[in-house]
Amino acid sequence: MRYINIHTHKLNIHENTFEIYNKKITENFTKQHFSSGLHPWFITEKNIQTEFQILKTDLNNKHCIALGEIGLDKLTNTSFEIQKEVFKKQLELNKKIKKPVIIHCVKSFQEIIQITKKYDYSFIIHGYNKKQELANQLLKNGFYLSFGKQLLSKENLQQVFKNTPINKLFLETDDAKISIKKIYNIAAEIKNIPLESLLLALQNNFKTVFYESELVRTNRTFN
Ligand SMILES: [Zn+2]
């Protein structure tokens with residue numbers, strides 16, 4: 001059974017692992033499954049036209065299985081108004097193809113919930129590390145939650161993870177130097193279930209979310 005790493009910035013191909021590599025928008029990359037999107041940290045007026053062109057091409061690439069990471073961040077220098085505009089524009093671009101969306105969110109959850117409401121794509125909040133109450137609200141609004149290395153050390157986050165329904169979960173390494181297997185092991189312990197059950201559950205989540213896209217369905221490399 002395979003470990004699914006829903007979001008990573010490190011290009012390593014591990015045995016028994018299916019990884020979604022988050023490519024830099026200008027990086028020329030089509031070798032394996034990837035996600036592509038304009039991250040709020042790196043929005044610059046000078047490059048934006050070109051980057052939207054690249055994103056359009058990427059979204060038509062069969063190896064590009066998700067839009068992301070995209071989102072809103074109140075702690076970065078980019079103007080929040082511009083972030084919202086760019087975020088919305090990317091969601092609009094996804095209208096025909098409806099790829100699952102990997103969300104980066106810092107202190108902007110209410111805005112994310114509001115803006116994404118009118119789209120029927122699957123949304124995954126990556127690197128979730130907030131409180132139970134917010135997790136409940138996100139789950140109620142149909143979001144999936146992906147957890148990463150903070151599961152290893154934050155006790156209250158472990159509790160949130162434990163309470164999250166298994167059919168709404170993903171795991172990821174993001175930019176951490178840690179193996180996805182280690183995260184799965186701790187996650188299975190927290191859930192108090194065998195590793196095999198966790199692997200199976202997350203594979204099913206993957207299928208539910210990603211096979212909705214025709215491009216993924218016709219791509220035979222995941223199995
Ligand atoms: Zn990331």
Inside segment 63-89, the number of residues satisfying the requirement of being touching a residue at least 60 places away in the same chain (Cβ under 8 Å) and aliphatic (A, V, I, L, M) is 2
Go through segment 182-223 and report how many residues are at pLDDT below 95 and outside any helix (DSSP H, G or I).
9
Being of a type outside the set (Asp, Glu) and out of contact with any strand residue (DSSP E or B) (no Cβ under 9 Å at 6 or more places or on another chain) is the filter; apply it to segment 192-207 and report the residue that is surrounded by the most Cβ atoms within 10 Å (Cβ to Cβ).
LEU195
Quick test of your reading of the structure: ILE112 fulfils all but one of (1) within 16 Å of the ligand (Cβ to nearest atom); (2) outside any helix (DSSP H, G or I); (3) hydrophobic (A, V, I, L, M, F, W, C). Name the failing condition by number.
(2)
Taking ALA176 as the residue in question, decide whether it is surrounded by 15 or more Cβ atoms within 10 Å (Cβ to Cβ), over 14 Å from the mean Cα position of the chain (by Cα) and within 14 Å of the ligand (Cβ to nearest atom).
yes
Between a first residue in segment 1-19 that is over 15 Å from LYS177 (Cβ atoms) and modelled with pLDDT under 90 and a second residue that is assigned to a strand (DSSP E or B) and not small (Gly, Ala, Ser), which pairs have beta carbons less than 9 Å apart while being 6 or more apart in sequence or on different chains?
ILE13/GLU19
Condition broken by LEU195, with the remaining ones in (1) in contact (Cβ under 8 Å) with a residue 12 or more places away in the chain; (2) in contact with a helix residue (DSSP H, G or I) (Cβ under 6 Å, 6 or more places away or on another chain); (3) away from the ligand (no atom under 16 Å from the Cβ) satisfied:
(1)
Based on this model, can you work out whether ILE166 counts as touching a helix residue (DSSP H, G or I) at 6+ places or on another chain (Cβ under 8 Å), away from the ligand (no atom under 16 Å from the Cβ) and among the β-branched types (Val, Ile, Thr)?
yes
Counting only residues in segment 91-109 that are under 19 Å from ILE6 (Cβ atoms) and either part of a strand (DSSP E or B) or among the acidic types (Asp, Glu) (or both), the one farthest from the ligand (Cβ to nearest atom) is identified as VAL101
Return yes or no: is LYS117 of a type in the set (Lys, Arg), farther than 19 Å from LEU171 by Cβ and in contact with a Lys or Arg (Cβ under 6 Å, 6 or more places away or on another chain)?
no
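The values are calculated or read from the model by the stated rules, or taken from the named source; none is laboratory data. Everything numeric here is computed off the predicted structure, so don't read it as measured data. So basically every Cβ, Gly included, is an ideal-geometry build from the backbone, and we count neighbours across all protein chains shown.
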